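Below is one structure, written out as structure tokens; comments come after it.
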Amino acid sequence: METNPTPLSPPIFNGEQYHVWAVKMKTYLRGHSLWKYVEEEKQIPELGANPTLNQIRIHEEEVAKALKALFYIHYAVTDQVFSRIMACDTPKEYWDKLKEEFGGSSQTRNMQVLNLRREFEMLKMQETENVKEYVDRLMNVVNKIKLLGEELTDHRIVEKVLVSLPERFEAKISSLEDSKDLSHISLAELVHSLQAQEQRRLLRQEDLGEGAMFASQKKKGFQGESRRYTGEKKGKENVNN
């Protein structure tokens, strides 16, 4: 079953990073209108006596979809994983067994969430970091928390970014507080605003550097002219003498 997926194939689970795979697989099944056969274990009603052609057609379609959901789950796991869940019969049984085997117990997940939340609270932006680098680090932790079923609101992440910024952003934070209620600013707006300030700061530093370099060159040129003038004057004095 270990095969290279095509764009139309489900994501392959090899026993690692279950929570990431589960999100992708759920989206894949929803895209094929098959998730209800996994989530609800939808029961297919039996055909009654003397069914119409339309009832027979609908029944066959439902049976085919349930089998298709089962097939996709079989296809989406490697042989090693399949050997641990192959005793199941329905799509929901397979899904629940995968969650039990690889998703960890409730206690384990709670401990993981607790550790990740602690890491989230401890993260600070370093003086040598730019905004993108820090937000990428932060969102990596946030996404891990969300994959475990916990929710972090956009507002909470915005608050975390604001309290984690170094002193060079104090003026920007003050201007944001004066111009807009921070409870309504989105994470994307905040990041773009901070990056704009960061860019302006870099440009000012470049301008100052160029100005200092120009002043230094000008000073050296003036000193050179002075030395040349002094040498010429001494030369004329020697000739006159």
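The values are calculated or read from the model by the stated rules, or taken from the named source; none is laboratory data. The structure displayed is predicted, hence computed values, not measured ones. Neighbour counts run over all protein chains shown; Cβ positions are idealised from the backbone, glycine included.
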Of all residues in the stretch 85-134, which are surrounded by fewer than 15 Cβ atoms within 10 Å (Cβ to Cβ), free of Cβ contacts under 8 Å to residues at least 60 places away in the same chain and within 26 Å of residue 40 (Cβ to Cβ)?
86, 87, 89, 100, 101, 105, 106
Restricting attention to the stretch 53-79, report how many residues are surrounded by 12 or more Cβ atoms within 10 Å (Cβ to Cβ) and over 19 Å from residue 32 (Cβ atoms).
3
Could you please give the count of residues in the stretch 97-125 that are over 18 Å from residue 150 (Cα atoms), modelled with pLDDT of 90 or more and of a type outside the set (A, V, I, L, M, F, W, C)?
2
Check 53, 98, 67 and return the single one that is within 30 Å of the chain's Cα centre (by Cα) and among the hydrophobic types (A, V, I, L, M, F, W, C).
98
Tell me which of these residue 149 doesn't satisfy, since it passes every other one: (1) within 21 Å of residue 20 (Cα to Cα); (2) modelled with pLDDT of 85 or more.
(2)
All-but-one check, residue 36 against (1) over 26 Å from the mean Cα position of the chain (by Cα); (2) of a type outside the set (Asp, Glu); (3) within 30 Å of residue 141 (Cβ to Cβ), failing number (3)
I need the full set of residues from the stretch 104-135 which are assigned to a helix (DSSP H, G or I) and under 17 Å from residue 20 (Cβ atoms), in order please.
108, 109, 112, 113, 116
Taking residue 161 as the residue in question, decide whether it is in contact with a helix residue (DSSP H, G or I) (Cβ under 7 Å, 6 or more places away or on another chain), in a helix (DSSP H, G or I), in contact (Cβ under 8 Å) with a residue 12 or more places away in the chain and within 20 Å of residue 202 (Cβ to Cβ).
yes
